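Trainee: Sharing a structure, written as structure tokens. Questions coming.
Since every read-out is calculated from the coordinates, none of them should be taken as a lab result. Just so we're clear, the structure is a prediction, and the values are computed from it rather than from any experiment. Cβ sites come from the backbone with ideal geometry, for glycine too, and all protein chains shown count toward neighbours.
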There are 2 protein chains.
Amino acid sequence: MATIKDLSEITGLGIGTISRYLNGYNVKEKTKDKIETAIAQTGYVRNSVARSMKTGKSMMVAVIVPHLANMFSMRVIESIERVLERHGYSVIISDCGGSAENQLNKLELMKQRMVDGFVLLPLAVSGKRLMQAASGKPLVLIDRLLDVNLFDSVTVNNFEVSYRETKQLLLQGVRRIGIIAGPHDVYTAVERKKGFEKALDEFGIADAYIETGGYNVEDGFKAMKRLLNRSLEGLFISNYELTIGALQAYAQSSQTIKIIGFDSIELSSLINRTITCISQPIEQIGEKAAELLLNRMKDPSRRVENVVINI
Amino acid sequence: MATIKDLSEITGLGIGTISRYLNGYNVKEKTKDKIETAIAQTGYVRNSVARSMKTGKSMMVAVIVPHLANMFSMRVIESIERVLERHGYSVIISDCGGSAENQLNKLELMKQRMVDGFVLLPLAVSGKRLMQAASGKPLVLIDRLLDVNLFDSVTVNNFEVSYRETKQLLLQGVRRIGIIAGPHDVYTAVERKKGFEKALDEFGIADAYIETGGYNVEDGFKAMKRLLNRSLEGLFISNYELTIGALQAYAQSSQTIKIIGFDSIELSSLINRTITCISQPIEQIGEKAAELLLNRMKDPSRRVENVVINI
DNA sequence: TTGAAAGCGGTACCAG
DNA sequence: CTGGTACCGCTTTCAA
């Protein structure tokens, strides 16, 4: 691999001159030509590791998620990457396998890699631990507001929208109602469940059928299988994967249940029995997160910003 | 940020000793204690950028895909990451937006970042250009065999399985048949189309309804809308996203079409009219790719290996 | 406009 | 087992 030094030797120019040219500073036309020839000849590419070493910036951002193979994660990551790459940043990903402990480990690892910032789709941990793990590096949270306003974040109004939609169901006369709620250590799942429960409280319903557990297709399927014995009139499902799974079981049955699903817009039209969808503006969430991160990396002392997108 | 030098000053030990301890070599119990105290005290974390600089290995692997927000990409990336992280590698991702040109740019960028290897879900480019762009760095192809055996690769038998399943349809008496084929510069899409066409040839069918274009949900929906005017008896759909889109349109219609979909196992049970699924072992594909890459990074001169997974 | 030289934070070799 | 030192490839003063 050719280095700047090789170029220096070939052209007879100083090492500093080459570097300056490479960084867009003015050099004489003739030197420019010499350098370019040497680059073409050697196939030189700049070593950004060495560059990072000197500048103290790696131009990398770590995105840490509970699970990569999840519709929400991947669409968020896609939009984050799209925005960040325009600013010269690369995205390094880390799947913490749904474990909060692991999440902290991954953060540590990324810190070693000298990433310039983090985006987290966080699992339940305290703000302090997270703060400590990030050791002051810019970190943006998606889908989770921590107790303390330590971090920039972007969320949707999970609680309100869940409350509102559940209420709609109840206003339609639904009484025997259930929820497939997802994990209890995932913030959004908890918020959605709370919103659901608030609506029930208002209507004096105390005996909802609650299924908690994982957040993927199979969990949804199993939960639905159980719920199909309950002659439900209404059902709230907390994410896309759970909805797919639940609908699989549902499709096999002949019951009619009024279903509300999160992010399930694509699926709703597949099944002949209507379901209600709550759609998050996922691209917008990712873009906003990237934007917040860019802002903070530019100005670490700026005020913490907690963006809530109302849907 | 504390450095190894700080530790050296605090402990009074030499810089080399610290480094040795950090790398797991033997040091006296007492020195070990001193160092550990200093680490705890300063919150020292090793700077892997500096380390890479010296060792010439970044311990990063770039995964470049046409689109991140794609079920296949994401699940492949997930399994790649799972395998690689066990070996100390991080995954840096790059979405080339479906453009072959862009793909080469991204490769260049990743080369600058001194990644130790590449995994590509490649768009149509010649093997030579790719070889040149990778400049000899380990590169594994997923879902594409290049004309020359320059790269390790892992694919499924797209052609055969498509041929076989289409033939099944025809054996059932289907004659008016169509395909939603996806982009013509995506290898798998092309292979699947070829397999489809071979089956048609055998049955002397010359006028299939062919829809080509994008590879996402909306493309599938639009294509299906058009195809619903054709009174088809059978339909082959080349990937997951297209299948979702097509099924959306299909669900609204009252036609009955025998449908074959790729990777659409989760969806098949949603819709009350049966569809046939061709399921790729996506995790296995990712794992195999990671494995091939690890092997090549270990031994760059080993024989090129082209793995075909038969489904 | 250019060249020389001092690091950035590690690793690895050498001598002790 | 330990300390000293020469790099790794680049950026960035400082003089010329």
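Trainee: Could you check region B:203-278 for strands (runs of 3 or more DSSP E) lying wholly inside it with 2 or more residues that are within 14 Å of chain A (Cβ to nearest Cβ)?
Mentor: B:258-262, B:275-278
Trainee: Any idea how many residues of region A:1-16 are of a type in the set (Asp, Glu) and not in a helix (DSSP H, G or I)?
Mentor: Adding up the residues that qualify gives 0.
Trainee: For region B:260-299, give me each residue that is among the small types (Gly, Ala, Ser), within 18 Å of the chain's Cα centre (by Cα) and closer than 21 Å to residue A:242 by Cα.
Mentor: Going through region B:260-299, the residues among the small types (Gly, Ala, Ser) turn out to be B:261, B:264, B:268-269, B:279, B:286, B:289-290.
Still in the list and also within 18 Å of the chain's Cα centre (by Cα): B:264, B:279, B:286, B:289-290.
The answer is B:264, B:279.
Trainee: Quick one: how many residues across region B:21-31 are more than 9 Å from DNA strand C (Cβ to nearest atom) and of a type in the set (A, V, I, L, M)?
Mentor: Residues meeting the conditions: 1.
Trainee: Quick check on my filter: what residues within region A:59-81 are at the interface with chain B (Cβ under 8 Å from one of its Cβ atoms) and over 21 Å from residue B:240 (Cβ atoms)?
Mentor: Answer for region A:59-81, where residues must be at the interface with chain B (Cβ under 8 Å from one of its Cβ atoms) and over 21 Å from residue B:240 (Cβ atoms): just A:60.
Trainee: Does region B:178-188 hold any residues that are assigned to a helix (DSSP H, G or I) and surrounded by 24 or more Cβ atoms within 10 Å (Cβ to Cβ), and which are they?
Mentor: B:188 - this is the single residue of region B:178-188 that is assigned to a helix (DSSP H, G or I) and surrounded by 24 or more Cβ atoms within 10 Å (Cβ to Cβ).
Trainee: Could you say which residue among A:90, A:48 is more than 12 Å from DNA strand C (Cβ to nearest atom), within 7 Å of another protein chain (Cβ to nearest Cβ) and free of Cβ contacts under 8 Å to residues at least 24 places away in the same chain?
Mentor: Numbers: A:90 fails: free of Cβ contacts under 8 Å to residues at least 24 places away in the same chain.
Step by step, each of A:90, A:48 is checked, and only A:48 is more than 12 Å from DNA strand C (Cβ to nearest atom), within 7 Å of another protein chain (Cβ to nearest Cβ) and free of Cβ contacts under 8 Å to residues at least 24 places away in the same chain.
Trainee: Find the residue count for region B:1-20, including only residues that are within 11 Å of DNA strand C (Cβ to nearest atom) and either under 17 Å from residue A:112 (Cα atoms) or not hydroxyl-bearing (Ser, Thr, Tyr) (or both).
Mentor: Looking only at that region, the number is 13.
Trainee: Taking the conditions exactly as written (in contact with a Ser or Thr (Cβ under 7 Å, 6 or more places away or on another chain), surrounded by 21 or more Cβ atoms within 10 Å (Cβ to Cβ) and over 30 Å from residue A:8 (Cβ atoms)), does residue A:61 satisfy them or not?
Mentor: Answer is no for this residue.
Trainee: So, residue A:54, is that one within 30 Å of residue A:110 (Cβ to Cβ), basic (Lys, Arg) and surrounded by fewer than 16 Cβ atoms within 10 Å (Cβ to Cβ) or not?
Mentor: When the stated conditions are applied, residue A:54 passes them.
Trainee: Now, a different point. Condition (residue is within 11 Å of DNA strand C (Cβ to nearest atom), exposed (fewer than 12 other Cβ atoms within 10 Å of the Cβ) and not in a helix (DSSP H, G or I)) applied to region A:32-43: is it met by at least one residue?
Mentor: Residues of region A:32-43 within 11 Å of DNA strand C (Cβ to nearest atom): A:32-35.
Now narrow it down to the ones that are exposed (fewer than 12 other Cβ atoms within 10 Å of the Cβ): none.
No, that holds for no residue.
Trainee: May I ask you to say which residue of B:106, B:128 is within 9 Å of chain A (Cβ to nearest Cβ) and assigned to a helix (DSSP H, G or I)?
Mentor: On the way: B:128 fails: within 9 Å of chain A (Cβ to nearest Cβ).
Within the list B:106, B:128, the selection yields B:106.
Trainee: Go through region A:93-103 residue by residue and tally those that are within 11 Å of another protein chain (Cβ to nearest Cβ) and closer than 20 Å to residue B:59 by Cα.
Mentor: Quick first cut of region A:93-103, residues within 11 Å of another protein chain (Cβ to nearest Cβ) only: A:93-97, A:102.
Applying the additional criterion that residues be closer than 20 Å to residue B:59 by Cα yields A:93-96, A:102.
The total comes to 5.
Trainee: All but one of (1) without any contact (Cβ under 8 Å) to a residue 24 or more places away in the chain; (2) crowded, with 19+ Cβ neighbours inside 10 Å; (3) more than 9 Å from DNA strand D (Cβ to nearest atom) hold for residue B:23; which doesn't?
Mentor: The failed condition is (2).
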